[in-house]
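Notes for the one structure printed next.
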Amino acid sequence: PLPVSTLARLVGLHYLTELDTLFMAFDQGEILLLRDASAFDPAAHGPENLDPVGDFEDGILAVAWSPDDEILVVITGRHNVLLMTKDFDVLAEFNIFDQYDAQEAGVSVGWGKKETQFHGTAGKAAAQQKPDFRNRCLAPHDDRLPRIAWRGDGAYFVCSLLEPVDEAYRTLRVFSREGDLLNTSEPINCLESPLAWKPSGNLIATSEQLPHRKNIIFWERNGLRHGEFALRIPEGTDVVSLQWSTDSTLLAVVLEQGGNRYVQVWMDKNYHWYLAQHIPTFAPQDPIRAVFWDPEDAGLLHIASTYTQHRLRLTPEAHFGYSDALDSQSVACVIDGAQLKVTPFALANVPPPMSRLTATLTHPARAVATTRQDLSLPSVAHLPGPGPRLRLNQIVYPRSGTVLALGRDVSCHRDVLLRASVPPTPESAVVWTEYPLGNSAAAGPPLRLIGAQGRDAVFLQTTRGFIYPVSYAAPGPLAVTWSDPLCRLDRPCPWLTVIPRPFPDSATTAGLRVIAPPASTGNTSDWLLVGRSERGELFLNDQLVVKGATSSFVGRHFIMFTTHTHSLRLLPVGLPLAHLIALAQQNKSELDPLSERRIERGARLVFALNGSQTAVVLEMPRGNLETIHPRALVLASMRAAVDAQDYRRAFELGRQHRIDLNVLVDHKPLQFDRCLPEVISQIDDPDYLNLFVSSLRDENVSVSMYPPVPIVLRAEPPKAASAAVSGKRRRLCGRIQALLEERPDAHRYLPTIITASVCKNPTSLTEAILVLHHLRETHPDELEDTLKYLLFLTDVEKVYHAALAVYDLPLALQVAQQSQKDPKEYLAFLTELQNYDAAYRRFKINDYLGQPAEALVHLITAAQALAGDASSRAGLFQEVQDYVVAHQLYQPALSAYRADPERRAVLCDLYAQHLSAERLHAEAGSVFLRAGNRFEAMKSYQRAGQWRTALALSTTVPNFSKRAIYELATDTAQRLADRQKYREAAQIYLEYTPETETAINLLVKGREWWEGMRIARQRNREDLLETHLEPGLMTALEELEEEAATLVDQWTKQWERLGEIRRPADPATHPTDDPAAGLGGGDLDNIDVLSEASTQITRFTQYTGVPSQYTSGSLRSGKTARSRRKKEKNKLRGKRGSPFEEQYVMESVGRLVDKVAKTFLPDVRQLSQVLPLLLASSERTPGTTNDSCTRAAALVDRV
């Protein structure tokens, strides 16, 4: 028993969390504290735990603790307000009616004053009428007690109390935390005592009694009214109290009628207040005593009755009917008390609080469910309850005709499962069958039922996150498989969807990188669970994949959710689970553009249309609904349509949403090729076919633009070359053109045929011109419109040239008239062409179009056609010669005149002259022979260096004398000698002239010692050995000795220079010049610790002693072409002290070695072998001979 009077009434009860103390205040003034309240047991503890704090003599009318439990507000019986700390030290004390002037009272500046407003028929008198407060009245059941409510941040509190004059009406007074009066509300009639301040701080809720209804009205902190809504209650019902949830989204209104209390939970959305839940008394013998929201869990409502305590978890959500049917209506249902608002989004996008349909029920609804197999509007399950003993909390509609419910037997306080069969007519009675739920100690109490999407399966979620399958097949019992949980989530998810796990096909899994499957806590091999907690955590089965999800929805092809970063993410459900989790956990920078879409700040995902729809409905912060079509959903629908060979729908989706129409081809190219006639029949419309043909290109967009598998999941990144499809555009355009031309109504598809011709790669305008040519003969009245369409597709200049290319001058004239050309430019030209004969006209046209090869063919045809007129034919042949020379068309001309030897010879002569001018003397000689001009052929071979052929032809040239042959031989030999081909020049002198001495002299110049000795002795000219060979040998010996000395000197200098370069610098010689000395020496190249703009010491410093440094950050400038050329020049110079000196010296040494090995050493060896033999047969003295041989041997040794 409490140490208070039995007549005392409890006016304040509050638990102080930090002190673990229960605060109690009574109307007679007593304040008690119960210490260690969380562990208090009335049977084991006595009154020693009670701590009386004090007693107010005037009594206590109202008390309220601030949200942070730091300040206590007490209103005494004399309307004194005391502000105290949690240690009950008084901070301020004042009479609540002593403060009249509010510190923040509004000041009128004349705008919006009543006197300035238009009052209609009431006239000016209404504008001048003053408010009359004398007729204000109280609500009939007002208890005349004050009420106190704090704002969520504890900065202000508001008091609702009677005015002191006559206590005829209530007003609201807003005080600061320090007790200063800030604002006073405007007086209204019948303002009731219930009071609650929204934790977010923008509204203060009270109730108002009107003659015909009861309202919940809202006030701002400045004392002005700000909205209201009418309670849906019968007459005679009183408002007991108001309670806001901690997240300010739900308002609980406790009502009482005839001693029976019940609770209504209201929710504000889009400026409309929904009656979300109507909670009646649990049992007549156990009435409701108190209602309050959990301070930590925003959706948890505590209801305390006389004997029991109930906890209800409320999650605001709309119900969406799911169906795999392609013609699903995508129904959304919203409960608003006894009204069920239904909107089929496939038919109309109606933003709340409006709806397409409204069903009025007999009593407020608590739950709603729809069938999963709806083909039109689904049937909605809202069934009457099974009786007062059983309370239904949730229902699911797994199959037509069967409804399952999760309920509670209030008589024995246990959870039950119920099953009912939907009656065929609304008048039939509903029979509920009750099944005991049972329980698992580890599972926790049941939370909700979940119906699987696309299947008849049902699952049960518990408060500890376990998901269990429920078997409900009639006539068997309704039971939960407690022994085999599907999985366990880290925490229960109010938004949970279960779908059958799809089995990815080989096309989807091909090329995926290997990812280890995640460890699972249950049996989820056949199901995929998508859950979202109130903390914004998104789960796939038991894996937490995303934090910060604000809304979610599971569609037919994708899991969709929005994030705090204002983006819409889409996860394709067709991927393996491991890859799906990996994709969900990707960073924002790694996301595929098709997997994410930016949305407006604060937008929430409402619904994604079922079936074949691609729409996603978003609710904006302003309350309006917006429909978007993410590309991923559009592509999925297009691919599904292609798989079903419904190319018409796939085309319409791509056209409507600006998707590249190559998807129709690239998704299944073999199927498209096979079904191309059917594709044309389905699309049918020529304009649509034109759009499709013009969008074709040589690229596989399924690889480059719209990959079915996100790039981040691929084993290898796609290569740019792999997306190219060579010849795809030309092949398809050709096939479409051929198929359309074969149709009986081909004339209807003329624009498409022309489009296919133009869109080929390369463009085939000739085919389009031929179509126009045929159209002029069959439908001349349509020619102009078709020509305008062709000019729309391509450049008019190209069409003009194409018309000329088919030699259709009337069509060319018509095209030119459609262009911006000046008539002076084309009329004279076309008139001139009209005056020529056919062949010459074609020559002129091809020459104008820059087609010389085709023009030459027609010019030759025109020349050959003039068989009777010799002068005209000769003139045309001269024009042929000039045209051939101008355009170098010698080979085509020779082929055309193969049967005319005379003119062919003339052309061959021109061709040979051209080759000679191009310095192709050997080829010119061959052509001169074909022309029969042996003399010029001989000259050409001579210039080409083919002296054997030239001298051989000299004997066949008519009237070519021996003297001329001699001159030809000497001239040829001189040319060879000038080219240092001394042996060949000597051969010509020996074979075609008697000048043996000249030949021996040439062999000496070429150091052909053995050949010279052989020729001299063959011709019995031993004297030439002494006069030519021996002096030449001695001269060569001296030259070789000088050359050897030069080579040795160069070798010595380069070798010494190389040694100097490679020798490390002497620190004593350069004590301060080496930057590496202070760093301990060593090779400092490529040091990793240097920054990008640091100074680096190079190896060049170590062998030159000259400090060299460069900034590594400036090396990019060395990549220019100019710098590279300058660098190569520096390498060739070999400047002493440059970084390229060592490379230059090494290259110089290499060149010396090559020269000695390839040139010098063979000459020395030949000389050392010939010299003894030649001198031994001469008249020189032995001493002189030995001296020369010794010099030659020494030269060999030196080399």
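The values are calculated or read from the model by the stated rules, or taken from the named source; none is laboratory data. The model shown is predicted, which means the values in this text are computed figures rather than measured ones. Here the Cβ positions follow ideal geometry from the backbone for every residue, glycine too, while neighbour counts run over all protein chains shown.
Values computed for the structure shown
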| item | result |
| --- | --- |
| Filtered residue count, region 137-183, keeping only those that are more than 20 Å from Ala105 (Cβ to Cβ), more than 58 Å from the chain's Cα centre (by Cα) and assigned to a loop (DSSP other than H, G, I, E, B) | 13 |
| Listing of strands (runs of 3 or more DSSP E) fully contained in region 14-85 that carry 2 or more residues being polar (S, T, N, Q) and within 23 Å of Ser176 (Cβ to Cβ) | 80-85 |
| Any pair with Cβ under 8 angstrom, 6 or more apart, that starts in region 731-745 at a residue that is in the same structural domain as Arg697 (by TED's automatic domain parsing) and ends at one that is buried (at least 16 other Cβ atoms within 10 Å of the Cβ) and of a type in the set (Asp, Glu) | Gln737/Glu767 |
| Filter result for the condition that a residue is over 31 Å from the mean Cα position of the chain (by Cα) and of a type in the set (S, T, N, Q), over Gln682, Gln671 | Gln682 |
| Residue match in region 279-296 (condition: outside any strand (DSSP E or B), buried (at least 20 other Cβ atoms within 10 Å of the Cβ) and outside the structural domain of Glu619 (by TED's automatic domain parsing)) | yes |
| Residue among Arg631, Arg598, Arg639 that alone is farther than 23 Å from Thr565 by Cα and either aliphatic (A, V, I, L, M) or modelled with pLDDT of 90 or more (or both) | Arg639 |
| Given (1) buried (at least 16 other Cβ atoms within 10 Å of the Cβ); (2) of a type in the set (Gly, Ala, Ser); (3) within 20 Å of Gln339 (Cβ to Cβ), number of the condition Ser241 does not satisfy | (3) |
| Residue that is surrounded by the fewest Cβ atoms within 10 Å (Cβ to Cβ) [pool: residues in region 160-174 that are out of contact with any His (no Cβ under 9 Å at 6 or more places or on another chain) and in contact (Cβ under 8 Å) with a residue 40 or more places away in the chain] | Arg173 |
| Strands (runs of 3 or more DSSP E) wholly inside region 597-712 containing at least 1 residues that are among the basic types (Lys, Arg), in contact with a strand residue (DSSP E or B) (Cβ under 9 Å, 6 or more places away or on another chain) and closer than 30 Å to Ala318 by Cβ | 604-608 |
| Sole exception among (1) more than 17 Å from Ala862 (Cβ to Cβ); (2) of a type in the set (Phe, Trp, Tyr); (3) more than 51 Å from the chain's Cα centre (by Cα) for Tyr840, by number | (1) |
| Near pairs, Cβ below 9 angstrom, 6+ apart or cross-chain, from region 345-374 (farther than 30 Å from Pro500 by Cα) to any residue that is in a strand (DSSP E or B) and of a type in the set (Phe, Trp, Tyr) | Pro352/Tyr274; Pro353/Trp273; Pro353/Tyr274 |
| Checklist (1) under 23 Å from Pro199 (Cβ atoms); (2) aliphatic (A, V, I, L, M); (3) crowded, with 19+ Cβ neighbours inside 10 Å applied to Ile31, failing item | (1) |
| Residue check for Thr308: out of contact with any Asp or Glu (no Cβ under 9 Å at 6 or more places or on another chain), of a type in the set (Ser, Thr, Tyr) and in contact (Cβ under 8 Å) with a residue 12 or more places away in the chain | no |
| Filtered residue count, region 1001-1021, keeping only those that are closer than 17 Å to Leu990 by Cβ and touching a residue at least 40 places away in the same chain (Cβ under 8 Å) | 3 |
| Filter result for the condition that a residue is of a type in the set (A, V, I, L, M, F, W, C), assigned by TED's automatic domain parsing to the domain that holds Val158 and modelled with pLDDT of 90 or more, over Leu61, Leu34 | Leu61 |
| Single condition Ser916 does not satisfy, out of (1) within 30 Å of Tyr883 (Cβ to Cβ); (2) at pLDDT below 85; (3) buried (at least 19 other Cβ atoms within 10 Å of the Cβ); (4) not basic (Lys, Arg) | (2) |
| Boolean, Ala346 is in contact with a strand residue (DSSP E or B) (Cβ under 7 Å, 6 or more places away or on another chain) and either part of a loop (DSSP other than H, G, I, E, B) or not assigned by TED's automatic domain parsing to the domain that holds Val239 (or both) | no |
| Which numbered condition Gly54 misses (of (1) surrounded by 15 or more Cβ atoms within 10 Å (Cβ to Cβ); (2) closer than 13 Å to Phe88 by Cα; (3) modelled with pLDDT under 90) | (1) |
| Residues satisfying the stated conditions in region 554-596, i.e. buried (at least 19 other Cβ atoms within 10 Å of the Cβ) and part of a helix (DSSP H, G or I) | Leu577, His579, Leu580, Ile581, Ala582, Leu583, Ala584, Leu594, Ser595 |
| Check on Val342, touching a residue at least 40 places away in the same chain (Cβ under 8 Å) and either of a type in the set (A, V, I, L, M) or closer than 18 Å to His363 by Cβ (or both) | no |
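Let's see how each residue does on (1) at pLDDT below 90; (2) assigned by TED's automatic domain parsing to the domain that holds Arg569; (3) touching a Gly at 6+ places or on another chain (Cβ under 9 Å):
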{"residue": "Gln656", "(1), (2), (3)": "no, no, no"}
{"residue": "Asp660", "(1), (2), (3)": "no, no, yes"}
{"residue": "Gln671", "(1), (2), (3)": "no, no, no"}
{"residue": "Ile683", "(1), (2), (3)": "no, no, no"}
{"residue": "Leu691", "(1), (2), (3)": "no, no, no"}
{"residue": "Asp698", "(1), (2), (3)": "no, no, yes"}
{"residue": "Ser702", "(1), (2), (3)": "yes, no, no"}
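This table checks each residue for (1) touching a residue at least 24 places away in the same chain (Cβ under 8 Å); (2) in contact with a His (Cβ under 8 Å, 6 or more places away or on another chain); (3) within 28 Å of Ala318 (Cβ to Cβ).
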| position | (1), (2), (3) |
| --- | --- |
| Val240 | yes, no, no |
| Ala252 | yes, no, yes |
| Glu256 | no, no, no |
| Ala276 | yes, no, yes |
| Trp293 | yes, yes, yes |
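Condition check ((1) on the phi > 0 side of the Ramachandran plot; (2) surrounded by 20 or more Cβ atoms within 10 Å (Cβ to Cβ); (3) part of a helix (DSSP H, G or I)) across all residues:
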site: Tyr989; (1), (2), (3): no, yes, yes
site: Pro994; (1), (2), (3): no, no, no
site: Leu1003; (1), (2), (3): no, yes, yes
site: Arg1014; (1), (2), (3): no, no, yes
site: Asn1020; (1), (2), (3): yes, no, no
site: Thr1027; (1), (2), (3): no, no, yes
site: Leu1037; (1), (2), (3): no, no, yes
site: Glu1042; (1), (2), (3): no, no, yes
